[in-house]
Amino acid sequence: MARDPLTAADVARGVCRLFAQQGLVAIPEVTLPNGRRTDLTAIDARGHITIVEIKVSRADLHGDGKWPDYCDWCDRFYWALAAGLDPAILDTPDYRPETSGLIVADRYGAAVVRDAANCNLAPARRKAELLRIGRLAMRRSMIAADPELAAGQIYSTSL
């Protein structure tokens, strides 16, 4: 019996399980101040920010030219590939293997194949990003508890 191909949600689930074991918490689809949207953004206990770009097909990987725009907004950047996808392309200079990490994941877990270099955000940027990401997570939690907030019936533009 053929297995369904892994989706980005499957890979995100596996990566989040790995991060939970490592003490990181993650949130999907965070829009950065430069307008780019991350697949996963994670924070560790020290406030270090990790961004993960998920790829589930070779075409998806080849078509990504935006990922360098993420690097100014995190301490570490990882590619997360669906299990079974050949990671060899990520060893080429276009994908900066000297700085970008590599995770391979499926629906049930993930493994770090290559650690990401630590880039250390400037303290002012880190503080601003942690505040922004924290408020985003809290806003999402509020809307999950009370969907009318999303409909704009009880919503401040400062949220």
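Laboratory data are not the source of any read-out in this text; all were calculated from the coordinates shown. Just so we're clear, the structure is a prediction, and the values are computed from it rather than from any experiment. Neighbour counts run over all protein chains shown; Cβ positions are idealised from the backbone, glycine included.
Would you please classify the overall shape of region 1-63 from the alpha carbon gyration tensor, given that a ≥ b ≥ c denote the square roots of the eigenvalues, rounded means a/c under 1.5, and beyond that prolate means a/b larger than b/c while oblate covers the rest? It is oblate, given that a/c is not under 1.5 and a/b is not larger than b/c. Summarising the label geometry, the points placed 7 Å from Cα in the beta-carbon direction at Thr31 and Arg17 lie 3.2 nm from one another. Which of rounded, prolate or oblate describes region 8-119 when judged by the alpha-carbon gyration tensor and an a/c cut-off of 1.5? Taking the square roots of the gyration eigenvalues as a ≥ b ≥ c, region 8-119 is rounded. Distance between the pseudo-spin-label points of Arg3 and Asp91 (7 Å out from Cα toward the beta carbon): 2.3 nm.
Rounded, prolate or oblate: which fits region 91-134 when a ≥ b ≥ c are the square roots of the eigenvalues of the alpha-carbon gyration tensor, with rounded for a/c under 1.5 and prolate only if a/b beats b/c? Oblate, since a/c reaches 1.5 and b/c is not below a/b. Each of Ser141, Ser100 was scored by other Cβ atoms within 10 Å of its Cβ. Listed from fewest to most, they are Ser141, Ser100. Only Lys, Arg, Asp and Glu count, each charged at its Cβ (+1, +1, -1, -1), so figure out the dipole size of region 44-159 about its Cα centre, rounded to 20 debye. In debye, rounded to 20, region 44-159 gives about 440. Take the alpha-carbon centre of region 84-122, take the same for region 11-71, and report the distance between them in whole Å. Using only Cα atoms, the two centres lie 11 Å from each other. Between Glu98 and Cys119, full extension at 0.36 nm per residue minus the direct alpha carbon distance yields a gain of 6.4 nm. All other residues whose Cβ lies under 15 angstrom from that of Gly101 are scored, Lys and Arg at +1 and Asp and Glu at -1, for a net of -3. Between the residues Val113, Pro68, Leu24, the greatest Cα displacement towards the positive end of the dipole of region 16-130, with unit charges on the Cβ of Lys, Arg, Asp and Glu, is found for Leu24.
Extension gain, Lys66-Ser141: 0.36 nm per intervening residue step, less the Cα-Cα distance, totals 24.1 nm. Within the shell defined by Cβ-Cβ distances under 14 Å, the residues around Arg125 carry a net charge of 0, with Lys and Arg each +1 and Asp and Glu each -1.
Dividing the helix sum by the residues of the chain, where each DSSP H run of 4 or more adds -39500 (n - 2.57), gives a mean residue ellipticity at 222 nm of -9000 deg cm²/dmol.
Angle of helix 123-145 to the longest C-alpha principal axis of the chain, folded into 0 to 90 degrees and rounded to 10: 70°.
When exposed loop sites are taken as GluC sites (Glu not before Pro) in a DSSP loop with at most 14 other Cβ atoms within 10 Å, the longest stretch of the chain clear of them is 30-97. Computed from Cα atoms, the angle from the helix 8-22 axis to the main principal axis of the chain rounds to 80 degrees.
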